[in-house]
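So that we are looking at the same thing, I have put the structure below in structure tokens.
The values are calculated or read from the model by the stated rules, or taken from the named source; none is laboratory data. All values reported here derive from a predicted model rather than from experimental measurement. Backbone-built Cβ (ideal geometry, glycine too); neighbour counts: all protein chains shown. The area values use the complete protein model at the heavy-atom level, side chains included, leaving out ligands, DNA and RNA. Shrake-Rupley method; radii C 1.70, N 1.55, O 1.52, S 1.80 Å.
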Amino acid sequence: MLYMAETADTADKKQDRTAAKLARQIGAFAKEHGGAEGQLAHIGQAGTRIVLVGTDGGWGDLVAPTYEVARLAAEKSGLTFLDEFDGELAARVRTGPYEWSRMAGIQLGGPANPKA
């Protein structure tokens, strides 16, 4: 039984370290963009996506290995995280030429999407 307790403690410590690192990255993003809000989105086995939208319209994302780690990182960061990526949050996102060319892909002469 002692071995299982040590394993659980090790897993908890690893989750805490990962969440703390993500929280620092979230905080750095918010500082760079004059504040931020975010949303957590499940992405299947890959984990949970932490979507960030800065006050200036800049955006970015991080991936946490689990929803629990993402939730803990969001909590540690102190930022407001919304239940859904609604129209109001989406309207604040500002994209640049790179994003537009990637979204358009080869249709507008942008880089082609990579083959699977």
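Residue pairs, Cβ under 6 Å, 6 or more apart or interchain, first in the range 80-100 and on the phi < 0 side of the Ramachandran plot, second in a strand (DSSP E or B). List them.
Matching pairs, first to second residue: Thr80/Glu37; Phe81/Gly38; Leu82/Gln39; Phe85/Gln39; Leu89/Val53; Arg92/Val53; Val93/Val53; Val93/Trp59.
Now for a separate question. I'd like to know if the range 84-91 contains one or more residues that are among the charged types (D, E, K, R), at pLDDT below 95 and in contact with a Gly (Cβ under 6 Å, 6 or more places away or on another chain).
Scanning the range 84-91 turns up no residue that is among the charged types (D, E, K, R), at pLDDT below 95 and in contact with a Gly (Cβ under 6 Å, 6 or more places away or on another chain).
I would also like to ask the following. When both residues are 6+ apart or on different chains and their Cβ atoms are under 9 Å apart, which pairs have a first residue that lies in the range 43-68 and is over 24 Å from Lys31 (Cβ atoms), and a second that is of a type in the set (Phe, Trp, Tyr)?
What qualifies is Gly47/Tyr67.
Looking only at the range 44-62, count every residue that is assigned to a loop (DSSP other than H, G, I, E, B) and closer than 18 Å to Thr18 by Cα and tell me the total.
Residues that pass the stated criteria total 1.
Which residues, taken from the range 48-62, are open to solvent by 40 Å² or more (accessible area, probe 1.4 Å) and not charged (D, E, K, R)?
Result: Thr55, Trp59.
Here is a further query. Tell me yes or no: at least one residue of the range 2-16 is surrounded by 16 or more Cβ atoms within 10 Å (Cβ to Cβ) and at pLDDT 95 or above.
Checking the range 2-16: not a single residue is surrounded by 16 or more Cβ atoms within 10 Å (Cβ to Cβ) and at pLDDT 95 or above.
Same structure, new question: Condition first: in contact with a helix residue (DSSP H, G or I) (Cβ under 7 Å, 6 or more places away or on another chain) and surrounded by fewer than 17 Cβ atoms within 10 Å (Cβ to Cβ). Now tell me which residues in the range 17-43 satisfy that.
If the condition is that a residue be in contact with a helix residue (DSSP H, G or I) (Cβ under 7 Å, 6 or more places away or on another chain) and surrounded by fewer than 17 Cβ atoms within 10 Å (Cβ to Cβ), then Ala20, Gly27, His42 are the ones that fit.
Please count how many residues of the range 63-102 are open to solvent by 80 Å² or more (accessible area, probe 1.4 Å), outside any helix (DSSP H, G or I) and out of contact with any strand residue (DSSP E or B) (no Cβ under 8 Å at 6 or more places or on another chain).
The qualifying residues number 0.
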